[in-house]
Amino acid sequence: MAKILSGRECAATMREEIRVQVEELKNKHNLTPGLAVVLVGDDPASVSYVKGKEKACEKAGIMSREYKFDADYKEDALLKLIDELNHDNKIHGILVQLPLPKHFNEEKVLFAIDPEKDVDGFHPVNLGKMMIGEPRFLPATPHGIQQLLIRNDIEIAGKHVVIVGRSNIVGKPLAMILVQKKPGANATVSMCHTGTKNMPDMTRQADILVVAAGRPHTVKASMVKDGVVVVDVGVNRIEDKTKKKGFRLIGDVEFDEVSAKASAITPVPGGVGPMTITMLLHNTLQAAKNHAGIP
Ligand code: GUN
C-alpha cells in the first residue's frame, strides 16, 4: 500500500514554524504581517478557499483584511482598491482570488499589484524571477507540492516528473520550480495537456506524477507504473446526499486503484490543499520581513 502524503500534517508543522516566526517579528520588530484578501463574486470553491486562508492567517498571528464584492463589481474599482492597498503600510501581501468574473481582464488586475506585495507570485515580474531561478515569491500551490515532497524525504533530483495540466497557477510554475538546478529540484520535467497525443504513454513514464487537470477520473491505475509517487491537485465537488453539505470532494486521480500501485500518494482532501494555504502564510511573512529589511 502506498504511503499517504498528508498535507494536513506537513502543513500543521510548517504553520507552527511560521506562527513562531510571526510572534518573533511582533516581539522584536513590532511588526505584524498583514494580508489583504480580495474576493469578487460567490463561486463556492473560492468562498471556501478564502475562508480557509483567513482562518489560517488568524491562527498564525497574521492580520488579514477581507474585501468581498458582488460579481458585478467593476474592474476600475478593483484597480483603484489595489492601488490603495499597494500604498497601505499595514498590508504586506495582496491576494486577489482567481478566477475573477468574466468581465475582468485578469492579467491587467495581476499586473496592478505591487510585485513586492504579490504573495501569490503571479505578477509577470515575479514569474520571470522564478523562471531565472531568483524567486521573490513562489506561487503557493507548486511551492507547497515541492515542500510536501521534500518533507516526506521524496527525492526529486534526477527523477522524471510528469505534470498533467498547464495552468498558470499550478502546472507551468511547478515545471519552472522543479527544473531549476537547485536542492529539492533538478528534475527532468514533462508536461501533458489537452494537446498531448498519447497521455497514458507519458504518465506511465513518471517517477513522480502531478495531476492538476481539474477533471475527476483523469488518471487511472493503467496509466501509472508501479512505485510511482502521485500528487493529486484536483478538488472536485461531487454530489453525495449522505453528507451534510450534499457533496464530497474527490481529486483528479482514481485514488483506490492508483494507490494500490503507487509508493506514495496525496489524499483529497488533506493533501495539496492545506499546503497551498501554508505557503501563502510563508510568503506573507516573507513580504513583511522584506518590507522591514529583515533577512
Ligand atoms: N485560485 C485557485 N488557486 C489560487 C491561488 O493560489 N491564488 C489565487 N489568488 N487564486 C487561486
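The values are calculated or read from the model by the stated rules, or taken from the named source; none is laboratory data. Computed from a predicted model, the values in this text were never measured in an experiment. All Cβ positions, glycine included, derive from the backbone under ideal geometry; neighbour counts span all protein chains shown. Side chains are part of the model used for accessible areas, which takes the heavy atoms of the whole protein and leaves out ligands, DNA and RNA. Shrake-Rupley method; radii C 1.70, N 1.55, O 1.52, S 1.80 Å.
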Residue list for the stretch 106-135, restricted to those being in contact (Cβ under 8 Å) with a residue 60 or more places away in the chain and either open to solvent by 60 Å² or more (accessible area, probe 1.4 Å) or assigned to a helix (DSSP H, G or I) (or both): Glu116, Lys117
Subset of the stretch 56-70 that is within 16 Å of the ligand (Cβ to nearest atom) and open to solvent by 20 Å² or more (accessible area, probe 1.4 Å) - its residue that is farthest from His291 (Cα to Cα): Phe69
Which numbered condition Lys243 misses (of (1) within 16 Å of the ligand (Cβ to nearest atom); (2) farther than 27 Å from Pro139 by Cα): (1)
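Restricting the search to the stretch 71-87, which residues are charged (D, E, K, R) and open to solvent by less than 40 Å² (accessible area, probe 1.4 Å)? Break it down stepwise before answering.
Initial filter on the stretch 71-87 (charged (D, E, K, R)): 72, 74-76, 80, 83-84.
Residue satisfying the conditions is Glu75 alone.
Tell me which helices (runs of 4 or more DSSP H) are completely within the stretch 196-295 and hold 3 or more residues being open to solvent by less than 30 Å² (accessible area, probe 1.4 Å), or say none if there are none.
Values: elements: 199-203, 255-259, 272-292.
Filter on the stretch 196-295 gives 272-292.
Would you pick out the residues in the stretch 89-105 that are without any contact (Cβ under 8 Å) to a residue 60 or more places away in the chain, assigned to a loop (DSSP other than H, G, I, E, B) and either open to solvent by less than 40 Å² (accessible area, probe 1.4 Å) or touching a helix residue (DSSP H, G or I) at 6+ places or on another chain (Cβ under 6 Å) (or both)? Walk me through it before giving the result.
Going through the stretch 89-105, the residues without any contact (Cβ under 8 Å) to a residue 60 or more places away in the chain turn out to be 89-91, 94, 96, 99, 102-103, 105.
Next cut, assigned to a loop (DSSP other than H, G, I, E, B) only: 89-91, 99, 102-103, 105.
Scanning the stretch 89-105 gives a single hit, Ile91.
Can you confirm whether the stretch 16-37 contains a residue that is at pLDDT 95 or above and on the phi > 0 side of the Ramachandran plot? Walk me through how you get there before you give the answer.
In the first step, residues of the stretch 16-37 are kept if they are at pLDDT 95 or above; the result is 16-37.
Among the residues that remain, those that are also on the phi > 0 side of the Ramachandran plot are: 30.
Within the stretch 16-37, one or more residues are at pLDDT 95 or above and on the phi > 0 side of the Ramachandran plot.
Looking at the stretch 13-50, which of its residues are in contact (Cβ under 8 Å) with a residue 12 or more places away in the chain, of a type in the set (Gly, Ala, Ser) and either more than 16 Å from the ligand (Cβ to nearest atom) or open to solvent by 20 Å² or more (accessible area, probe 1.4 Å) (or both)? Outline the logic, then answer.
Of the residues in the stretch 13-50, the ones in contact (Cβ under 8 Å) with a residue 12 or more places away in the chain are 13-15, 18-19, 21-23, 25-26, 29, 31-46, 49-50.
Keeping just the survivors that are of a type in the set (Gly, Ala, Ser) gives 34, 36, 41, 45-46.
Correct list: Gly34, Ala45.
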Residue check, Asp72 outside any helix (DSSP H, G or I) and more than 20 Å from the chain's Cα centre (by Cα): yes
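Of all residues in the stretch 136-159, which are part of a loop (DSSP other than H, G, I, E, B) and within 19 Å of Asn290 (Cα to Cα)? It would help to see each step written out before you state the result.
The first filter runs over the stretch 136-159 and keeps only residues part of a loop (DSSP other than H, G, I, E, B), leaving 136-139, 152-159.
Passing the criteria: Arg136, Phe137, Leu138, Pro139.
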Residue count, the stretch 22-45 (criterion: outside any strand (DSSP E or B) and either in contact with a Leu (Cβ under 6 Å, 6 or more places away or on another chain) or aliphatic (A, V, I, L, M) (or both)): 5
